[in-house]
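The values are calculated or read from the model by the stated rules, or taken from the named source; none is laboratory data. Computed from a prediction, not measured in an experiment: that's the story for all the values here. Cβ atoms come from the backbone with ideal geometry, glycine included; neighbour counts cover every protein chain shown. The area values use the complete protein model at the heavy-atom level, side chains included, leaving out ligands, DNA and RNA. Shrake-Rupley method; radii C 1.70, N 1.55, O 1.52, S 1.80 Å.
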Amino acid sequence: MGSDSKAEAIKRAKVLMVGAGGIGCELLKTLALSGFQDIHIIDMDTIEVSNLNRQFLFRQEHVGQSKAKVARDAVLKFVPHINITPYHANVKDPDFNVDFLKQFNVVLNGLDNLDARRHVNRLCLAAEVPLVESGTTGFLGQVTVHVKGRTECYECQPKPMPKTYPVCTITSTPSKFIHCIVWAKDLLFTKLFGDKCQENDLFVHSGDASNSEKPMEDIFKRAPDEDPKQYGKRIYDHVFGYNIEAALANEETWKNRSQPRPIFLRDVLPEKFILQNTNPEKGCLTDDLSLSVLPFLGLNDPQEVWNLAENSRVFLESLQLFIEKREKDIGSLTFDKDDQLAVEFVTAAANIRASCFGIPLHSLFDSKGIAGNIVHAVATTNSIIAGLIVIEAIKVLQEDFENCRMTYCLEHPSRKMLLMPVEPFEPNKSCYVCSETPLLLEVNTRTTTLRDIVDKIIKVKLGMDLPMVMQATTLIYEVGDDLEEDVAANYALNLNKNLADLPAPVTDGTMLTVEDFQQELKCHINIKHRDDFDEQKEPDGMVLSGWTAPEKVDTATSNGEGTSADHQITVEQPTESEVVELAAEMLDAKRKLLATLERKGHQEEDREVLSVPVNDHDDDDDDDLVLLDDYPEANKKLKLE
């Protein structure tokens, strides 16, 4: 189409942006400068100090304010005559339903978590509004287009799922630095500063260590008049000394492993350094989240790797500062990557533990990245991806779907290309979200409760927020604020009943209909009774088919009963050379396919592409980690218009 029609399409478009972070700031700026006149932004986050190095619409004075509203005000200063409507809210709020989305010509995602992305995908399908997805991780990024009936939806292919390590690895046999970070962040930090009533997987048994000194029975309890330095010394010697000695007593554990070495404070620091009167206020700021011991210790380079003595001093001084300056918070703290003192404590503790187990030490900068699930953002990548989003959005607005592309941004040129375009794939006929293919659930209907199905299958695996479950014409479960109390109570009773004992029994051959009105998503689940399941391979006691389990990516998690249970951290991601190689193979496959079709006149041809599984992550992270999770799956057919 000509330039006039393009300009008209841009001018008339009503655009919804979801996310105003790293990609979102660049996207809003690019949309405004490209001539878009009516833009709406949804973002639930407020601005943090750590955002300022790459989200260039924000300044220091904006910290704590709404991202969506500040982004709007910033853009209107240099493009004043357009309409920008901000919503400081969660995109999953009921107000942002299908009817709300129908008013827009295109939806542009700049999100950082899988749950919200799935939700927007489903709303766009129900509203029949095209969706342009995006993500970046470091120098890598991608933009994909999803149009109902023409291309696959965001959920047509499985997304990577973290692989977890057992808690015994974290507490007893760490072999990687991330194991030490998880131990320091989710176990030790929580034990010292978190909820005292919660169970914790921290190995705190003193055993019969050979050392003559014996730690106190409740080592983590501090007497009101106890000197913070003496308290810190007790904690240090216990977790890095006595506990390691106790672990060494189990000789079987170390037959095929390198033995750790106990570290006691007296062997690292002279007594005068341990008990000297210090002034940790020197160089510290008054804001709780800005408190720091590093200026006082002269450790001003965050990328410097501290030695064992320096880590030990940071450990002691940060613990003392928590007690003296933040005592009112102790008992309720959770680790926050923007809490400088917490990052310093966790870095020091992780490094000391790493020293015990012969694991290389890491800098504060690297430790913060691991502890906060951060892949440090690159502003230029965000800018490139934002530009590609706008290019694809313009194609969609002109209904030029044949020229829409999935584009992958690489760190280094491959075949003289930094951007790898791939034609969108056709919808997956087995996708339960954008097709009507029923799912199959194998389950023991006599021992499995409806709650198990709702919690483990419908909410977790199928991602429904407000599900309604029907057996034939009988409604057996519903949730919502508008339900009457007696009706809600009956549904609550059903949750605890076995499937076969429900008012409308669910047995072998039964079909359940599950619907989420908020997402306007409906699917069917065929039930197949099965008596036994392998506890190791099938821990849920049920198997769902038709829904493809996400591919696993190595992560570490502390899976105990305490606060650590929900934390997952990426350990291994594909190297950049692997990503480049895969993208090059995709491009080669595309070229070969087109050449074959031109020669033979075929309409479809099998092609093989490889998938790159990369982490999707925590909902509470900002766009420090945005997800590169849309690489095409293997052995799919490409439909050429």
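Please work out the average accessible area per residue across segment 1-116, using the 1.4 Å probe convention, and give it in Å².
For segment 1-116, the per-residue accessible area is 44 Å².
Between segment 90-133 and segment 304-381, how many Å separate their Cα centres?
With segment 90-133 and segment 304-381 each reduced to a Cα centre, they are spaced 37 Å.
Sticking with the crude label model, points 7 Å out along Cα→Cβ, report the distance from F365 to S545 in nm, one decimal please.
It is 5.2 nm.
Using r as the Cβ-Cβ distance of Q536 and K221, and R0 as 51 Å, what FRET efficiency do you calculate, to the nearest 0.05?
After rounding, the FRET efficiency stands at 0.85.
Mind giving me the FRET efficiency for V305 and S34? R0 is 41 Å, r the Cβ-Cβ distance, nearest 0.05 is fine.
The pair V305/S34 has a calculated efficiency of 0.35.
So how many Lys-Lys pairs in segment 291-446 land under 27 Å Cα to Cα, not counting same-chain pairs under 8 apart?
Count of close lysine pairs: 7.
Roughly how many nanometres apart are two label points built 7 Å out from the Cα toward the Cβ at V49 and N403?
4.8 nm
Report in % the part of the accessible area of segment 1-95 that belongs to carbon and sulfur, leaving out ligands and nucleic acids; probe 1.4 Å.
Here carbon and sulfur together make up 50 percent of the probe-accessible area.
For N496 and D195, FRET efficiency with R0 = 30 Å and r from the beta-carbon atoms, rounded to 0.05?
Efficiency computed from Cβ-Cβ geometry: 0.60.
Given contacts defined as C-alpha pairs under 8 Å and at least six residues apart, what's the relative contact order of segment 409-528, whole-number percent?
Taking the mean separation of contacting Cα pairs over the length of segment 409-528, I get 30 percent.
Which value, in Å², gives the accessible area per residue of segment 409-520 when a 1.4 Å probe is used on the protein heavy atoms?
Here the per-residue accessible area is 50 Å².
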